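Participant: Dumping the structure here so I can ask a few things about it.
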Amino acid sequence: MRFLSSALCALLFSIPNTSFAQDVQTGVEQLRQFVRISKTAEGEFVQQQLRAPRPNEPQDKGFKVIRKTEGRFIFQRPGRFVWDTQKPFEQRLIADGKQLIMWDKDLNQATFRPAGQVLASTPAAILFGEGALEQHFDLEEGAERSGLRWANLKPKVKPSAGSNDLPYTSIAIGMSGGLPRALELIDGLGSVVQLSLTQIQLNIPLPAGTFTFTPPAGAEVLRLN
């Protein structure tokens, strides 16, 4: 199954207009406010998976982009979202509150899983969940960079081998004007996933059926317990 990092379910969010008050808030304060007031949102994302230079490669080249995807997202608390990858291939991840569905257009395949089992191991639970952010993470203020104020999220429970725990050892969210604009995820092996979020609209009405998915006729359907 092609790249669709758990990061995805991670971050899709927003806040209305930038204000002076938001500009002077720390990254942690902006993140807490965002989680508190955001009920629905939609926007666009660019996601990159990076890797460090291998021993036989020039070490001065820095991290190398090995995958890049683009698309749109929609979410509604608690626990409902659509992560719609449009480039370089069409793939959709849908959480309807009960199950998590991955649809791959090229493979003509839909995979269904219980949502609670999978969401618990992804950053989606951070911003798509019920808002109990600090129940699972310690929030620390990060350094300002790239014009953003960063909040670092440290998992309170370290992942154990072979478990469904959150696979990331470090999560950082870049905030500006009360909106999450970037996300950086690092796993225990040093792999990095970067997300940039744009065109964010907050607390918008969503049509009925936004989080409903019915596989087309002839599609392969897999149901995993």
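The values are calculated or read from the model by the stated rules, or taken from the named source; none is laboratory data. In this text the structure is predicted, and so the values were computed from the model without any measurement. Note: ideal-geometry Cβ built from the backbone for every residue, glycine included; neighbour counts use all protein chains shown.
Participant: Based on this model, can you work out whether Leu153 counts as surrounded by 15 or more Cβ atoms within 10 Å (Cβ to Cβ), part of a loop (DSSP other than H, G, I, E, B) and modelled with pLDDT under 95?
Facilitator: No: the conditions fail for Leu153.
Participant: So which residues in segment 175-201 are loosely packed, with under 15 Cβ neighbours inside 10 Å and either in contact with an Asp or Glu (Cβ under 6 Å, 6 or more places away or on another chain) or among the charged types (D, E, K, R) (or both)?
Facilitator: Taking segment 175-201 first, the residues loosely packed, with under 15 Cβ neighbours inside 10 Å are 188-190, 198-199, 201.
Thr198, Gln199, Gln201 - these are the residues of segment 175-201 that are loosely packed, with under 15 Cβ neighbours inside 10 Å and either in contact with an Asp or Glu (Cβ under 6 Å, 6 or more places away or on another chain) or among the charged types (D, E, K, R) (or both).
Participant: Also: Check whether at least one residue in segment 45-52 is at pLDDT below 90, of a type in the set (Lys, Arg) and under 19 Å from Arg72 (Cβ atoms), and report yes or no.
Facilitator: No, that holds for no residue.
Participant: Now a separate question. Among the residues of segment 202-225, what is the count of those that are surrounded by 14 or more Cβ atoms within 10 Å (Cβ to Cβ) and either of a type in the set (Val, Ile, Thr) or out of contact with any strand residue (DSSP E or B) (no Cβ under 9 Å at 6 or more places or on another chain) (or both)?
Facilitator: Counting residues in segment 202-225 that are surrounded by 14 or more Cβ atoms within 10 Å (Cβ to Cβ) and either of a type in the set (Val, Ile, Thr) or out of contact with any strand residue (DSSP E or B) (no Cβ under 9 Å at 6 or more places or on another chain) (or both) gives 1.
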